[in-house]
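Q: One structure is given below, represented as structure tokens, and several questions about it will come after.
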């Protein structure tokens, strides 16, 4: 069950949740994708000698790592420390997260017989995630916790390619050449993703984000035919949970309207599309999240400040704006710049 009603009411009134719902806020809330992780020296210290997947399965580590950026940066939301491949590993896929490469699948899924190795999951398969969320809810107090999962298309691309790809050749070959198998695979992944998110919701997260990191490799027509029905199944399956649903992808300028139509309350926008232009495409009934270029954080402070103010100005076109980067925090980012950026966003946007 979710945490007590008093806490739920408090979190519903947090700047982050209010912005997601397009309500008035005292200041624009800010959090960063990949804030819990590799840019922080305290993260590198606690992770020393521990493999990525193992760290995601240890509630004590997950709790500490998730809390680190909240303590350091004063962000308006925490994001669960995990990885999008955690649920497919729980579903029986033999994979590893290789440093410097990313997820690598030992036996890719490319035939109907291969698909049988990908079983549905239950809450028991990811009990360590629920335990992590419960521990965090107790520690975070008035700070909302964001849960997340990978979207079916992005998970499918890893499973089919066997790892990260620049061209998604095998993925698209299945999509175009064997649509029956394609839809069967994404249907299976939709169920796994939905179960994974529901586990987090039942344990107490205040919002969820669906990452379709690689959807930008698709045309709008292909997205609507081959991907959108499955993302919609996940997001629609959470419609009655009473919490914001964020949908994010990279290079998705031509997909923004469709990604909103898939069922998002908030559409994440990468740095390539100004937020005011994105709002015209997405429509006036959804909040936006983003979208400072992560590389800007390596520029002199006056540039960071100028660009952050620009993002804030453009975000005012939307009914609600959650300040974020246009993708994840880069590993060599100076944490002090992130802390300073949070303070700037809060100060510059205070009502």
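The values are calculated or read from the model by the stated rules, or taken from the named source; none is laboratory data. The model shown is predicted, which means the values in this text are computed figures rather than measured ones. We place every Cβ from the backbone using ideal geometry, glycine too, and count neighbours over all the protein chains shown.
Q: Among 200, 209, which is the only one that is in contact with a helix residue (DSSP H, G or I) (Cβ under 9 Å, 6 or more places away or on another chain) and either touching a residue at least 12 places away in the same chain (Cβ under 8 Å) or at negative phi (or both)?
A: After ruling out the rest, the residue left standing is 200.
Q: Can you say whether residue 201 is in a helix (DSSP H, G or I), under 19 Å from residue 96 (Cα atoms) and modelled with pLDDT of 95 or more, as far as the supplied structure shows?
A: no
Q: Hey, can you tell me all the residues within region 238-254 that are over 17 Å from the mean Cα position of the chain (by Cα) and either surrounded by 17 or more Cβ atoms within 10 Å (Cβ to Cβ) or assigned to a loop (DSSP other than H, G, I, E, B) (or both)?
A: Across region 238-254, the qualifying residue is only 242.
Q: Give me the helices (runs of 4 or more DSSP H) completely within region 95-195, filtered to those with at least 3 residues that are within 23 Å of residue 210 (Cβ to Cβ), ordered by residue number.
A: 127-140, 152-161, 169-177
Q: Given the structure, is residue 95 more than 30 Å from residue 243 (Cα to Cα) and either at pLDDT 95 or above or more than 16 Å from the chain's Cα centre (by Cα) (or both)?
A: Judged against the criteria, residue 95 is a match.
Q: Quick one: in region 13-69, of everything that is out of contact with any helix residue (DSSP H, G or I) (no Cβ under 8 Å at 6 or more places or on another chain), without any contact (Cβ under 8 Å) to a residue 40 or more places away in the chain and not in a helix (DSSP H, G or I), which residue is farthest from residue 290 (Cα to Cα)?
A: 49
Q: While we're on this one: Do we find that residue 108 is closer than 15 Å to residue 171 by Cβ and in contact with a strand residue (DSSP E or B) (Cβ under 7 Å, 6 or more places away or on another chain) in this structure?
A: In short, no.
Q: Specify which of the listed residues (342, 322, 311) is touching a strand residue (DSSP E or B) at 6+ places or on another chain (Cβ under 7 Å) and closer than 20 Å to residue 235 by Cα.
A: The match here is 322.
Q: A further question on this structure: Does any residue in region 247-260 that is on the phi > 0 side of the Ramachandran plot and in contact (Cβ under 8 Å) with a residue 40 or more places away in the chain come within less than 6 Å, Cβ to Cβ, of a residue that is surrounded by 22 or more Cβ atoms within 10 Å (Cβ to Cβ) and in a helix (DSSP H, G or I) six or more places away or on a different chain, and which pairs are these?
A: Partner pairs satisfying both residue conditions: none exist.
Q: Can you work out which of the residues in region 56-83 that are within 25 Å of residue 191 (Cα to Cα) and surrounded by fewer than 21 Cβ atoms within 10 Å (Cβ to Cβ) is nearest to the chain's Cα centre (by Cα)?
A: The qualifying residue nearest to the chain's Cα centre (by Cα) is 83.
Q: Report, by residue number, each residue of region 276-287 that is under 17 Å from residue 216 (Cβ atoms) and surrounded by 18 or more Cβ atoms within 10 Å (Cβ to Cβ).
A: Across region 276-287, the qualifying residues are 278, 282.
Q: Kindly indicate whether residue 312 is assigned to a helix (DSSP H, G or I), in contact with a helix residue (DSSP H, G or I) (Cβ under 8 Å, 6 or more places away or on another chain), in contact (Cβ under 8 Å) with a residue 40 or more places away in the chain and closer than 30 Å to residue 44 by Cα.
A: no
Q: Out of (1) at pLDDT below 95; (2) touching a helix residue (DSSP H, G or I) at 6+ places or on another chain (Cβ under 8 Å); (3) closer than 30 Å to residue 139 by Cα, what's the single condition that is false for residue 165?
A: All conditions are met except number (3).
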